[in-house]
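Everything on this sheet refers to the single structure shown next.
All of the numbers you see were taken from the coordinates with simple rules; none came from a lab. These numbers were taken from a predicted model, which means no experiment stands behind them. Positions of Cβ are generated from backbone atoms using ideal geometry, with glycine treated the same way; all protein chains shown enter the neighbour counts.
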Amino acid sequence: MQHRLQQFLSSLNPEQKAAVGAPEGPVLVLAGAGSGKTRVLTGRAFYLVAHHRVNPHAVLVVTFTNKAAEELRSRLRGYMGERSDLPWAGTFHSFCARLLRLHGEAIGLPREFSIYDTADTEQVLSEILAEHRIGRDELSPAALRSWISLLKNGGSLSGRNPLHRRAEELLPRYDERLRRAQAVDFDDLLRLPLEMFRSRPDVLEIVQRRFDHVLVDEFQDTNAHQYELAKQIAAPQNNLFVVGDDDQSIYGWRGAQYRNVYDFQRDLPAAQVYRLEQNYRSTQPILDVANDVIAANRDRQEKRLWTERVAGEKTVLRQVPRAVDEAHEVVGEIHHLRRTKGYGWKDFAVLYRVNALSRQFEEVLIGQAIPYTVIGGTRFYERKEIKDIVAYLRVLVNADDEQAWRRAMRTPPRGIGDVTLKQLEQEARRTGRSIGRVILSEADRSGLPKAAQNKLAPVAELVTTLKARTAKMGLVESVEAVLEASGLMAHYEQRDPDESEERIANLAQLVEAARDRAREHPEFSLSDFLAEVALVSDIDEYDETPDRVALMTMHASKGLEFPVVFAVGLEEKLLPHQRSQGTLAEIEEERRLFYVAVTRAMQRLYLTYSQMRYVNGTLEFQEPSRFLRDISPEHVRGWSLPGRASVRVTEEDDDLVAWHEESSAPREKQRRLMTGQTLIPYRIGDVVQHPEFGVGVVTAKSGGLDDLKIRVAFEGIGSKLLAVKFAPLKKLQ
Ligand code: ATP
Ligand code: MG
């Protein structure tokens, strides 16, 4: 390991090296995007273990998103090799879940508590609203949830809105429901450890003794609770090593306080501060754009990124007539670059402000059979079938988990309707027990009407037997057993073939997820697995073919990097988002978000916007984002000097911005479609040619003229489903 460490250290620049080897005590690395903050952070962990011989288990590394945590783990593995004693690296939320699992009993939280996700929380809130006869149009569960979340994070509501009072009144009810179900929500995960530390200093001491060093990535996005947690655990030695960039703070709306970055030096006066300015990720032309964008923000500490990689492609700015063209042009460019420049699919990322923009890109990508993944989009664990099976697993682990019971006892359908549920709730209230306890105990059930008893008895029996069986099983076996015995597998097998196929594939995917976990951590229990399920939301973690184009929101892209980045939908109302245009602070946060997107690019950057787009069902004229005006004209290609109100693209400019010949092909097809020219009809047995997949034979077709899809068996590649409208196909015979 010594040799590896030397090798690693010699790959750093002097500032990075100084930060990695900083003396003990509080350290702040404040630096711009792509300057090696994450590299320094993971390098620090490596250095502590390899040079100072710190026990790897005494080093805690935390960040924000699951994707970023994965990146941390993979870098740590890269430096230190595959070994079981790597420092623990994960998100704040998953760290807190572990902390509570280990020590939560100190504040009366049972080991097997459940974690309620956003959907569970909203369900509880909508029940509370119904109990108080407050209509959805008056106060929606989603709005109530965000207010309650703010309150739980130590914030306060303005009180100007009379409904704010309501939220304050309902908060204790909500907390009581969670307590009864032995459940915590995402905010509790961060809040309860602090409460625990306050009331049980002995537990804090144990945790402090366990971790000698605390390292925090993306520090600019920590909220008050996270910051406090990190500080308390790192005390009394204050071996707190944080890295961040005030220009990349994008979670103000969730209570992040980027001023933490400045407060750190006030709170920990002994802090040593390091700055890094050399960027290693992007070429100078990309940095030029990034610097232009962020320079327009006022509330920041000035820093200008530079790189040794002065040469590079100029950023392309592209205006398209309609949103659908945007998707075609981008995908056309992806094809072109892949073919001519040797990129793989995974080298491309499409970044947008709101999730809804992914649909158009997905359609075109599907049509051309390009592998892609939507990160943080359709959440795997939010799928119905996955929630169903997870509900059973949750019931097995925590018999008080009310939301899980409600779901499990009614899927597959067993004739348990609202009437039974009401009776059950009444009985639960009368006996002061949770509905799960009432169901499971024959004595308690006997207080219910006969019909209800008859319906619930088999459920009770099923869960009791499963509990006994799975107690002796490993994780994977347990999941499989529950899938079979619950009747869920059979239930979904009987659905219509299309639906059934997908749902069963997803259920199988969950078993795979469990298998992966069991392989990595043989000691993983069902409740460990469930905690992860509640906190990890992307299926792509379990994806076997990682060579895919990545689609994600700009928020989700933080900390990641891609050779080619397309930032799309750069239009007013989308960016800055219409809900975030009220104050200068909001606009500045949106600008930082754009800066995050731009600085993900390593080699090529494309900025696109559409003149027209469907917004909530109506076709609207869009204005280019105001942020584009901050970019100096000489830093982009295809830029016609923007007027104040709109960007004009002349014939000549249009020529200039044409990316390459091929990109006009889909547009030509589009034109033919719009002018009523019919598409070539395909018959089964036709031989076709595709620029990517080569020559193939049509084996099946479906859909009408406008959405005709054909299945083509390509030589040496296999069968692909293609949308005729989009796929660049040529008929050969
Ligand atoms: P962000 O602000 O986006 O999170 P960051 O500051 O964390 O960025 P890193 O992700 O650590 O930056 O580094 C950006 C890229 O530069 C990575 O690919 C990293 O491996 C590379 N890099 C960092 N430092 C060096 C170096 N000294 N020599 C070569 N490559 C480096
Ligand atoms: Mg980083």
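What to note about this one:
- Cα point-scatterer Debye curve for region 204-292, base-10 log of I(q)/I(0) at q = 0.12, 0.13 Å⁻¹: -0.45, -0.52
- Computed P(r) (all Cα pairs; region 114-181; 10 Å bins; percent): 20, 59, 20, 1
- Span-like helix ranges in the chain, DSSP H, alpha carbon extent 24 angstrom or more, Kyte mean at least 0.5: none
- Within region 371-465, the proportion of C-alpha pairs whose separation exceeds 23 Å stands at 27%.
- Distance between modelled label sites at Arg209 and Ala58, nm, 7 Å Cα→Cβ extension: 1.3
- Available extension along the chain between Glu499 and Thr340 is 53.3 nm, counting 0.36 nm per residue and deducting the alpha carbon span.
- Charge dipole magnitude, Cβ of K and R +1, D and E -1 - region 114-181, Cα centre, debye nearest 20: 200
- DSSP assigns beta bridges within the chain; of those with both partners inside it, close to 35 percent run antiparallel.
- For Glu571, residues with placed amide H under 5 Å, excluding near neighbours: Ser625
- Loop-located trypsin sites (Lys or Arg not before Pro) in region 252-353 (DSSP state not H, G, I, E or B) with no more than 12 neighbouring Cβ atoms inside 10 Å: Arg298, Arg304.
- The chain, relative contact order in percent, only Cα pairs under 8 angstrom and at least six apart counted: 16
- Using a cutoff of 8 angstrom between alpha carbon atoms and counting only pairs six or more residues apart, the relative contact order for region 114-181 works out to 33 percent.
- Once both labels are positioned 7 Å from their Cα atoms along Cα-to-Cβ, the gap between Arg200 and Thr431 label points is 2.9 nm.
- Reciprocal of mean inverse Cα separation for the chain (Kirkwood radius, Å): 28.3
- Between Arg414 and Ala119, the C-beta separation translates, for a Förster distance of 22 Å, into a calculated FRET efficiency of about 0.50.
- Each residue in His213, His51, His3 was given a count of other beta-carbon atoms within 10 angstrom of its own, and listing them fewest first yields His3, His51, His213.
- About the centre of its Cα atoms, the chain shows a dipole size close to 560 debye [charges on the beta carbon of Lys, Arg (+1) and Asp, Glu (-1) only; nearest 20 debye].
- Order of Thr618, Thr222, Thr464 under a 10 Å beta carbon neighbour criterion, fewest first: Thr618, Thr464, Thr222
- Euclidean distance between Cα centres, region 405-467 to region 306-350, Å: 57
- Rounded Å value of the spacing that divides the Cα centres of region 468-505 and region 199-217: 40
- The distance from the alpha carbon centre of region 33-97 to that of region 583-640 is 34 Å, rounded to a whole number.
- Bins of 10 Å, starting at 0 and running to the largest distance - Cα pair percent for region 251-407: 8, 20, 24, 24, 18, 7, 0
- Cross-link reach list, lysines versus Lys701, counting only Cα pairs under 18 Å and skipping chain neighbours closer than eight places: Lys709, Lys720, Lys725, Lys730, Lys731
- Residue list for region 452-470, given a label point 7 angstrom along the Cα-to-Cβ vector of His491 and an amide N cut-off under 16 Å: 455-464, 466
- Distant-in-sequence amide contacts of Thr91, defined by a placed amide H-H separation under 5 Å and a gap of 5 or more residues or a different chain, comprise Thr63.
- Rh by Kirkwood over Cα pairs, then Stokes-Einstein D for region 381-522 at 1.306 mPa s and 10 °C, µm²/s: 100
- Within the straight-line cut-off of under 12 Å between alpha carbons, none of the aspartates and glutamates are reachable from Lys467, sequence neighbours fewer than 8 places apart in one chain being disregarded.
- Karplus (6.51, -1.76, 1.60) ³J(HN,Hα), θ = phi - 60°, over region 714-730, in Hz, Gly and Pro reported as x: 8, 4, x, 10, x, 8, 10, 9, 10, 8, 4, 4, 9, 6, x, 9, 10
- Listed residue pairs exceeding 24 Å between alpha carbons, taken from Lys387/Lys422; Lys387/Lys558; Lys314/Lys346; Lys67/Lys573; Lys37/Lys303: Lys387/Lys558; Lys67/Lys573
- Using the rule -39500 (n - 2.57) for each DSSP H run of four or more residues, divided by the residues of the chain, the 222 nm mean residue ellipticity is -14000 deg cm²/dmol.
- Charge dipole of region 114-181 about the Cα centre (unit charges at C-beta), most positive-ward option of Leu157, Leu129, Trp147: Leu157
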